[in-house]
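Notes for the one structure printed next.
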Amino acid sequence: MPRPRVPFINKDVLTLLLTLFLSVSLLFTRTSPQIRQLKFQLSQLANTIAYPVIWYKEVFIIREKNKLLKEQLIQFTLMNSELESYHQENVRLKEMLNFTINQPLHFITANVVNHNFGLPTNSITIDVGAKDSIVKNLTVMDENGLLGKTIQVGDHAALTQLITDKNFRVSIRIGQDRALGLFIPTHGKYGLLEGVRKSMPLTEGEIAYTSGISEIYPPNIPVARVVSIKRDENNPFQHIVVELVGSLENLDYVFVIL
Amino acid sequence: MNNKIAIQIIILTIIVMCIQIFIPAFNFYNLVIVPDILIIFLTYIGFYYGRFYVIILGFFIGISQDFITQVELMGAMAFTKSAIGFGLGTLALYRNVWSGNIRMFFIFLLYNLHFLIYYFIKFSGVPISSSIYIQVVLIHSLVSFAILFVIDKSFFNNEITLK
């Protein structure tokens, strides 16, 4: 009984396939730039051809992810409703304790039109004034932290005392215990925190925020970052050197908190 | 194919390869083009002895050509010559069916395919325009085809091209 023959698979085709295979193997053992580029092009072609397969697999992966996300969504929805109830409880408790709710800050943006570093007061002039609802003693800050306060207001401009001015002082809170202190500028972007008691644990890099005690500055505005701490046995307070978080170089825009 | 013919073909192959070495080259867009007479030799082998022998001969001629002229692209000529060997062997199958014109057209297409693949490998990663690439392929094919035409008319009594 004769063996069934497979059409198109004969001696010639097999020889062709063998020689082509040998040639391609030889060609791909080379490391010349042309061959590297050829390999790259072939891999791109293979990628393009395989794209539907990858896409099909990705659909399944996305379906799995979607399932997981739905599960997470349910968990978060439950958590959210729990948090909402805590929030309501918090509001109620605050009302019972006569706490006032902190309003979100309202501010306007101002351009810096003049730097007055030569004057006795280290200050800048901004292009907003009384016509823009600016009054004296408003907080001026940038996106990083406190920069100063308005000290003189005209119709369309205001003079702002910078935080680096020698006469500038601001009450701060720092650390886990939110210990009170006073920021005093020294030179450049550096300053000192005075009045922070020695028992207060502090680490370098911690941020001092405005305390909110003063009527001028709202609470929790970043002021300065701790650079070094020294504890002297004869002194009840720590000697804390800080650097300003607000960027005083190349001042272009500032925010005035109303 | 008996042993005597096989030995004759091997000797003939060596002679043609030696002739190929002395074929003058010409410049086109600063590219050195050497007319390929080995492909013409393969055309005759394909026409008279069929696919199997022309594929094997094409592979060995290609490998030798790669080894002598372009070690960095070793396998490129072997690949193209084996591939068109399959096509050239088809000439034997349709020897009494195709007219001279169809045969010439078919051979010209195969030459084009040969140089298309070869220059595609050679110009990979080389900043060269598609128009120059096509021109080089066409010119190389035309030159080889013209030589085939002359040889066929001079030594083979228009065996391939007109009968």
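Computed quantities for the displayed model
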item	result
Any chance residue B:115 is within 14 Å of chain A (Cβ to nearest Cβ) and either in contact with a strand residue (DSSP E or B) (Cβ under 9 Å, 6 or more places away or on another chain) or of a type in the set (Phe, Trp, Tyr) (or both)	no
From A:216, A:240, A:229, residue being of a type in the set (A, V, I, L, M), over 21 Å from the mean Cα position of the chain (by Cα) and in a loop (DSSP other than H, G, I, E, B)	A:216
Residue in the stretch B:137-156 that is free of Cβ contacts under 8 Å to residues at least 40 places away in the same chain and either assigned to a loop (DSSP other than H, G, I, E, B) or within 14 Å of chain A (Cβ to nearest Cβ) (or both) present	no
Residue A:122 vs. criteria in contact with a Ser or Thr (Cβ under 6 Å, 6 or more places away or on another chain), at pLDDT below 80, closer than 12 Å to residue A:160 by Cβ and surrounded by 11 or more Cβ atoms within 10 Å (Cβ to Cβ)	no
Single residue of the stretch B:67-79 satisfying the filter (in a helix (DSSP H, G or I) and surrounded by fewer than 24 Cβ atoms within 10 Å (Cβ to Cβ)) that is nearest to the other protein chains (Cβ to nearest Cβ)	B:72
Hits in the stretch A:126-164 - residues which are hydroxyl-bearing (Ser, Thr, Tyr) and more than 28 Å from the chain's Cα centre (by Cα)	A:133
Residue selected from the stretch B:48-66 under the condition aromatic (Phe, Trp, Tyr) and surrounded by fewer than 21 Cβ atoms within 10 Å (Cβ to Cβ), by the criterion nearest to residue A:12 (Cα to Cα)	B:52
Residue among B:151, B:160 that is at pLDDT below 90, within 19 Å of residue B:38 (Cβ to Cβ), surrounded by 17 or more Cβ atoms within 10 Å (Cβ to Cβ) and among the β-branched types (Val, Ile, Thr)	B:160
Within the stretch A:107-165, considering residues that are in a loop (DSSP other than H, G, I, E, B) and hydroxyl-bearing (Ser, Thr, Tyr), the one farthest from residue A:207 (Cα to Cα)	A:133
Residue in the stretch A:44-64 that is within 30 Å of residue B:119 (Cα to Cα), surrounded by 10 or more Cβ atoms within 10 Å (Cβ to Cβ), out of contact with any Pro (no Cβ under 6 Å at 6 or more places or on another chain) and within 14 Å of chain B (Cβ to nearest Cβ) present	yes
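Residue-by-condition table, conditions (1) at pLDDT 85 or above; (2) among the basic types (Lys, Arg); (3) under 23 Å from residue A:148 (Cα atoms):
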site: A:193; (1), (2), (3): yes, no, yes
site: A:200; (1), (2), (3): no, no, no
site: A:204; (1), (2), (3): yes, no, no
site: A:221; (1), (2), (3): yes, no, yes
site: A:231; (1), (2), (3): no, yes, no
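The values are calculated or read from the model by the stated rules, or taken from the named source; none is laboratory data. Because the structure is predicted, anything quoted here is derived from the model rather than measured. As a convention, Cβ positions derive from the backbone with ideal geometry for all residues, glycine included, and neighbour counts pool all protein chains shown.
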